[in-house]
Amino acid sequence: MTIILNNKRLKVIPLGGLGEIGKNMMAVEYDGQILIIDAGIAFPSEIKPISGFSVPDTTYLNERKNMILGVLITHGHDDHIGGLSHLLSNFNVPVYSSKLTREFIKFKLGNKKQHDLHIVNFYESYSLGCFEFQFFPVCHSIPDAAGIALKSPVGLLVHTGDFKFDDNPTLGNPIDLEYLSNLSSNTNLILCSDSTYAEKDGFTGSESTLEEKLKQIISRSEGRVLIATFSSLLSRIQQIITISSILGRRVSVVGRSMNRNLKVALDLGYLADPQNTLIPLRDSKKLPDRKVLLITTGAQGESSSAMGLISRGEHSDVSVKNGDTIVISSSPIPGNEVKYSHMINNLFRQGGQVIYQNISPVHVHGHGSREDLRHMIELVKPKYFIPIHGETRHLVAHANIAEKSGLERENIFLIEDGDTVEFTDSKATLGNKVHSGTIYIDGSGPPKPQ
């Protein structure tokens with residue numbers, strides 16, 4: 001992409017996701033025109049034990065409704081799309097995403113109102129006002145995840161979305177390193193990069209490394225196997241279906257969101273079940289336990305999820321039996337450690353043999369660790385750097401990685417929600433702080449600001 005330089009200012013304004021986990025949203029503004037990147041929610045945590053969920057306060061955007069050109073969505077996780085319904089109730093603007101992400105968005109928005117949803121093809125260029133953008137595929141824990149190369153008259157902004165480098169992904173292809181390297185030829189390049197696991201050493205492991213461990217656990221289990229994972233972690237679900245088919249087990253899915261995601265992914269060809277391994281839950285009850293594997297939602301111990309209910313003995317269809325092997329194929333999201341631990345303790349109390357990340361490698365993250373983040377910086381070679389998506393400690397750790405990778409300290413902007421960075425063709429500076437905050441939505445009435 002060729003950049004034409006001038007002296008007008010490009011503003012980068014995070015409204016959610018910086019200094020916290022979740023409710024990711026960023027506004028990019030130039031010459032009276034705004035693009036929004038992502039519109040997520042945050043779930044209750046031990047730090048903020050609310051009864052519902054929260055979305056970014058969009059007061060800044062409310063005052064500039066006529067300036068908004070559209071919303072670009074990096075991928076289909078709730079912390080990036082869960083707030084779209086709230087956002088679009090206030091702003092009637094188009095939404096741009098990859099194919100699978102659009103299907104998840106359609107479900108979130110429901111059928112009550114028509115929305116202007118567009119599919120973006122990777123590497124194709126699209127124009128909105130003064131902006132031009134491309135989506136490029138990244139490896140994450142959900143297919144069709146994207147980074148965004150957003151060109152403005154001032155410079156190129158590269159937003160990584162959530163990512164890691166995976167040379168052997170279970171679904172999709174590795175990140176195109178040549179594409180990222182070619183971006184580095186742009187003048188005034190700004191990199192906004194995922195910081196969630198900036199404190200973790202090394203590279204994040206490949207999803208494919210779990211295959212042998214999962215196969216070992218399933219083959220050695222004499223009773224049922226229950227595996228809790230994220231409902232959107234389709235690569236993990238595909239691995240479990242494939243392994244179960246080889247080992248002669250039939251698979252049933254427990255949890256509304258996972259059943260929905262599974263159907264969408266099968267219909268669109270993102271998942272395959274050539275041996276008809278999947279069966280309804282009711283049919284699994286007719287089989288010997290050694291022939292049954294259940295994939296459930298609730299890998300974080302969410303109270304109303306399938307595994308959350310099972311762990312408390314409250315699920316209407318599934319309860320723990322002697323001889324069950326229960327795999328919690330996740331690690332706790334920051335702030336959710338206590339709830340996660342309670343679920344595991346409850347499953348042990350019910351007599352299950354519980355296997356989880358602290359005692360066996362049954363999960364790999366979808367976010368890049370320290371070396372992934374360093375690799376991204378070295379490939380893109382930005383002039384300016386903004387760490388995004390993470391608590392303050394994650395942002396600080398990522399800023400330190402950037403400085404050690406050769407960026408000048410004055411070109412690294414350690415900011416949080418509501419801060420503004422302004423770019424011209426010759427410099428970048430902190431701008432005025434804008435209104436930001438949190439809107440709590442608990443389902444019992446109108447949204448509540450704080």
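At-a-glance table
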read-out	value
Verdict on LEU293 being more than 30 Å from ASN400 (Cβ to Cβ) and touching a Lys or Arg at 6+ places or on another chain (Cβ under 6 Å)	yes
Test: residue in region 205-215 that is more than 19 Å from the chain's Cα centre (by Cα), modelled with pLDDT of 95 or more and in a strand (DSSP E or B)	no
Residue satisfying condition, being out of contact with any helix residue (DSSP H, G or I) (no Cβ under 7 Å at 6 or more places or on another chain) and closer than 18 Å to ASN168 by Cα, within set THR204, THR209	THR209
Residues being in contact with a Gly (Cβ under 9 Å, 6 or more places away or on another chain) and crowded, with 23+ Cβ neighbours inside 10 Å - total across region 396-416	1
Cβ-Cβ under 8 Å pairs, at least 6 apart or on other chains, region 153-171 side farther than 23 Å from SER125 by Cβ and modelled with pLDDT of 95 or more, far side surrounded by fewer than 24 Cβ atoms within 10 Å (Cβ to Cβ) and among the aromatic types (Phe, Trp, Tyr)	LYS164/PHE203; PHE165/PHE203
Any helices (runs of 4 or more DSSP H) falling wholly within region 11-104 and containing at least 1 residues that are within 16 Å of the chain's Cα centre (by Cα)	78-81, 84-88
Test: residue in region 263-280 that is more than 27 Å from PHE107 (Cα to Cα), polar (S, T, N, Q) and not assigned by TED's automatic domain parsing to the domain that holds ASP144	yes
Matching entry among ILE218, ILE243, ILE237, ILE227 (being in contact (Cβ under 8 Å) with a residue 60 or more places away in the chain and part of a helix (DSSP H, G or I))	ILE218
Region 265-285: number of residues that are farther than 20 Å from SER305 by Cα and out of contact with any strand residue (DSSP E or B) (no Cβ under 6 Å at 6 or more places or on another chain)	14
Among (1) of a type in the set (Asp, Glu); (2) in contact (Cβ under 8 Å) with a residue 40 or more places away in the chain; (3) over 28 Å from GLU314 (Cβ atoms) - the single one ASP289 does not satisfy	(3)
Hits in region 1-53 - residues which are under 18 Å from HIS159 (Cβ atoms), in contact with an Asp or Glu (Cβ under 7 Å, 6 or more places away or on another chain), at pLDDT below 95 and among the β-branched types (Val, Ile, Thr)	ILE21
Filter pass, PRO94 being in contact with a Gly (Cβ under 9 Å, 6 or more places away or on another chain) and surrounded by fewer than 22 Cβ atoms within 10 Å (Cβ to Cβ)	yes
Residue under evaluation ARG393, criteria (1) within 20 Å of the chain's Cα centre (by Cα); (2) surrounded by 20 or more Cβ atoms within 10 Å (Cβ to Cβ); (3) assigned to a helix (DSSP H, G or I), criterion not met	(2)
Where THR59 falls short, out of the listed (1) modelled with pLDDT of 95 or more; (2) buried (at least 17 other Cβ atoms within 10 Å of the Cβ)	(2)
The one condition in (1) under 20 Å from LEU180 (Cα atoms); (2) among the β-branched types (Val, Ile, Thr); (3) out of contact with any Leu (no Cβ under 6 Å at 6 or more places or on another chain) that ILE119 fails to fulfil	(1)
Some residue of region 326-346 being in contact (Cβ under 8 Å) with a residue 40 or more places away in the chain, more than 27 Å from the chain's Cα centre (by Cα) and within 30 Å of PRO288 (Cβ to Cβ)	no
Members of region 313-339 that are out of contact with any Phe, Trp or Tyr (no Cβ under 7 Å at 6 or more places or on another chain), at pLDDT 95 or above and surrounded by 14 or more Cβ atoms within 10 Å (Cβ to Cβ)	HIS315, ASP317, VAL318, VAL320, ASP324, THR325, ILE326, VAL327, SER329
Lone unmet requirement of (1) modelled with pLDDT of 95 or more; (2) more than 17 Å from PHE163 (Cβ to Cβ) for PRO361	(1)
Residue check for LEU109: farther than 26 Å from TYR384 by Cβ, touching a residue at least 12 places away in the same chain (Cβ under 8 Å) and touching a helix residue (DSSP H, G or I) at 6+ places or on another chain (Cβ under 6 Å)	yes
Residue count, region 230-258 (criterion: polar (S, T, N, Q) and at pLDDT 95 or above)	6
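Rundown of residues vs (1) within 25 Å of GLY308 (Cα to Cα); (2) in the same structural domain as MET307 (by TED's automatic domain parsing); (3) surrounded by fewer than 21 Cβ atoms within 10 Å (Cβ to Cβ), yes/no style:
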residue: LYS215; (1), (2), (3): yes, yes, yes
residue: ILE227; (1), (2), (3): yes, yes, no
residue: SER231; (1), (2), (3): yes, yes, no
residue: LEU234; (1), (2), (3): yes, yes, no
residue: GLN238; (1), (2), (3): yes, yes, yes
residue: LEU247; (1), (2), (3): no, yes, yes
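Quick grid of which residues meet (1) among the polar types (S, T, N, Q); (2) modelled with pLDDT of 95 or more:
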{"site": "GLY70", "(1), (2)": "no, yes"}
{"site": "HIS75", "(1), (2)": "no, yes"}
{"site": "ILE81", "(1), (2)": "no, yes"}
{"site": "SER97", "(1), (2)": "yes, yes"}
{"site": "LYS112", "(1), (2)": "no, no"}
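The values are calculated or read from the model by the stated rules, or taken from the named source; none is laboratory data. Since we're looking at a predicted model, the values are computed, not measured. When we count neighbours, we look across all protein chains shown, and the Cβ atoms used for this are built from the backbone with ideal geometry, even at glycine.
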